[in-house]
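The values are calculated or read from the model by the stated rules, or taken from the named source; none is laboratory data. Predicted model only: the values in this text are computed from it and were never measured. Ideal geometry is used to build each Cβ from the backbone, glycine not excepted, and the neighbour counts take in all protein chains shown.
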Amino acid sequence: MKKIPVMIVDDEKLVLEDLRTLVDWDALGFEIIATAFNGKQAWVKYNQYHPRVIFTDVKMPFMNGLELIRKLRETDNEVYIFLLTAYEDFSYAKTAIQYGVRDYVIKSTLDEKTFTELLKKLYRTIEDQGKWKDIVKEKAISEFLEVPDLQEADLPKVLKGKAYGYLLVEQDMPIRLPGDPLEDSLMCSRKEIASAILKEETAEYELIVSYSPDNRILAVMDIPALSQKNVTEILYKYAKQIQDRLKETFHCSFTIYVVDYKMSLPELKRCEEKYQSVFRKKYFTGCGQIIHLTDTKVRTNEKTMPVIVETEYFQDMINRRNAEEVRKYLQEIFRKICEAEDDRSLKSVSRDFYEILRRNNRQLPDYMERQDIGTEKNWDRWLDGIRLEEWFEVSFLLLIHAREKVHFNEYSRPVVKVMEYISKYYGKHDLTIREIAETVHLSSGHLCSLFKRETGKTLNSYITEIRIEKAKRLLEEGDMRVYEVSAAVGYQSSQYFSQIFFKLVGTYPTNYQKEKGRLS
């Protein structure tokens with residue numbers, strides 16, 4: 001818990017100094033933030049520093065202790081007031097108690113032990129009361145946000161008319177398929193998330209953790225009046241700290257939405273309703289971010305034409321084992337969805353692609369090892385459109401590769417062995433038809449004739465296609481230079497490689513890498 005702020009008021013400088021040094025205030029959970037020599041000065045400093053606890057003398061010039069206490073109670077019923085009194089002033093204590101003084105302390109009997117016990121007891125009381133108040137605030141905030149008809153008048157007095165900074169914390173969950181029970185097993189409890197957030201509480205700002213609709217956790221920060229720039233910096237810094245702690249604690253992804261200017265709870269309620277589309281933004285820009293909630297570019301997909309998977313057309317690509325067409329089709333579908341930020345199409349398209357993938361995997365022969373496409377194992381790839389496109393692309397390419405192996409059964413044993421050999425050794429720059437023919441104990445001429453008759457392709461053109469397909473993958477990965485890719489796929493001359501690549505692909509390797517790869 002943050003340190004409890006204290007102000008001491010006494011017209012004797014020696015008394016002020018004695019109280020400052022009598023105990024270790026910091027170790028007991030308190031911090032002396034102000035001192036004053038009379039009631040008038042104390043009133044000014046109270047309004048400036050807002051201490052939680054005040055120790056005040058009775059007899060002081062300009063404004064005595066009783067007048068100060070009366071003024072304090074007119075505006076603040078929660079500040080803890082202790083009267084510093086002498087034996088001869090004991091009658092004042094009775095009057096002060098009527099004004100709501102917590103207790104009185106006789107100066108002449110004050111020692112380290114008794115004062116330490118007093119402060120320990122006071123700390124426990126404030127801590128318990130603080131927890132109780134936080135629970136009341138937490139429930140009031142949660143109910144206010146979740147019940148549409150509640151207005152500001154329905155809020156407790158302590159929350160009315162007050163502006164806070166807000167962070168909305170949302171655990172990133174996979175896009176859910178119909179009947180998929182996965183989400184419940186992955187979801188962290190809101191209580192555990194709230195507890196982890198509270199561990200990041202700072203000494204400077206009061207923090208209340210409540211609940212917002214749609215399973216979001218709401219961190220409410222009572223930030224003092226500062227410039228807008230400072231408020232924004234505080235919120236984003238704190239959001240990063242919370243995000244790091246949650247990731248460390250739960251080992252999963254969280255997106256945090258920042259309301260980066262102070263507003264009242266009714267304003268927050270309207271803000272959440274207005275910017276609903278921003279909560280969907282993570283599905284198109286990537287999960288695990290810190291997102292500015294009050295985005296002025298509010299988008300809606302109510303009038304957006306839904307993106308539809310042409311299932312028969314897509315299945316035909318798979319049947320023809322055309323990996324490049326499949327890749328381009330996936331990229332185009334997800335590009336349209338992400339540009340429109342259409343979460344409904346994202347969900348329906350994902351279901352369609354998943355069903356196609358599942359159906360085709362079931363059709364593979366029993367003797368083949370099938371890829372595990374279950375959402376339980378791959379849930380972290382289903383968090384947003386970016387990850388989903390990558391996952392579907394890899395999954396469908398693996399499917400096509402598996403179907404290619406099945407397709408080998410259409411050929412004679414020598415041709416199958418030749419295809420397998422080329423798939424393994426295409427990177428050798430000195431790979432020859434004679435070498436390949438020797439693996440199947442045929443003459444070069446006989447093999448070339450057999451291969452062309454069964455596949456419709458010459459052996460040399462087949463080797464070139466395999467090399468160029470592999471080159472495209474390497475260029476897209478963007479980790480290698482063109483000359484390195486050339487060498488990796490069996491070409492000693494990068495110039496010759498570029499010419500062959502242009503002939504088959506229609507563009508040069510450098511341009512292809514800029515368009516498809518990670519280079520720009």
Flagged in segment 459-506 as of a type in the set (S, T, Y), touching a Ser or Thr at 6+ places or on another chain (Cβ under 9 Å) and either free of Cβ contacts under 8 Å to residues at least 12 places away in the same chain or exposed (fewer than 14 other Cβ atoms within 10 Å of the Cβ) (or both), in numbering order, are Y483, S493, Y496
Any chance segment 73-96 includes a residue that's surrounded by 14 or more Cβ atoms within 10 Å (Cβ to Cβ), modelled with pLDDT of 80 or more and of a type in the set (K, R)? yes
Residues (more than 15 Å from D352 (Cβ to Cβ) and either assigned to a helix (DSSP H, G or I) or free of Cβ contacts under 8 Å to residues at least 40 places away in the same chain (or both)) located in segment 376-392: E376, K377, N378, W379, D380, R381, I386, R387, E390
Residue pairs within 6 Å by beta carbon, gap of at least six or interchain, first lying in segment 275-286 and outside the structural domain of D342 (by TED's automatic domain parsing) and over 16 Å from V169 (Cβ atoms), second assigned to a loop (DSSP other than H, G, I, E, B) and modelled with pLDDT of 90 or more, listed first then second, are Y283/D384; G286/D384
Set V44, V15, V58, V23: member being in contact (Cβ under 8 Å) with a residue 24 or more places away in the chain and under 46 Å from the mean Cα position of the chain (by Cα): V23
Can you name every residue in segment 181-219 that is among the aliphatic types (A, V, I, L, M), modelled with pLDDT of 80 or more and in a loop (DSSP other than H, G, I, E, B)? M187
Out of segment 214-237, which residues are more than 23 Å from V147 (Cβ to Cβ), within 17 Å of the chain's Cα centre (by Cα) and touching a residue at least 40 places away in the same chain (Cβ under 8 Å)? L235, Y236
Name the residue that is farthest from G165 (Cα to Cα), counting only residues in segment 215-253 that are touching a Leu at 6+ places or on another chain (Cβ under 9 Å) and small (G, A, S). S253
Return only the number of the condition from (1) under 28 Å from I33 (Cα atoms); (2) crowded, with 20+ Cβ neighbours inside 10 Å that I242 does not satisfy. (1)
Among the residues of segment 282-305 satisfying the criterion of being under 29 Å from E152 (Cα atoms) and part of a loop (DSSP other than H, G, I, E, B), which is modelled with the highest pLDDT? L293
Of all residues making up segment 319-367, the number that are out of contact with any Phe, Trp or Tyr (no Cβ under 7 Å at 6 or more places or on another chain) and part of a helix (DSSP H, G or I): 30
Suppose we keep only residues that are under 21 Å from the mean Cα position of the chain (by Cα) and assigned to a loop (DSSP other than H, G, I, E, B) within segment 261-281. Which one would you say is surrounded by the fewest Cβ atoms within 10 Å (Cβ to Cβ)? R280
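Could you grab me the full set of residues in segment 1-48 that are among the polar types (S, T, N, Q) and not in a helix (DSSP H, G or I)? Before you say what the answer is, go through the steps one by one.
If we filter segment 1-48 for residues that are among the polar types (S, T, N, Q), which is where we start, we get 21, 35, 38, 41, 47-48.
The answer is T35, N38.
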For segment 245-255, which residues satisfy the criterion of being in a helix (DSSP H, G or I) and either more than 17 Å from V209 (Cβ to Cβ) or at pLDDT below 90 (or both)? K247, E248
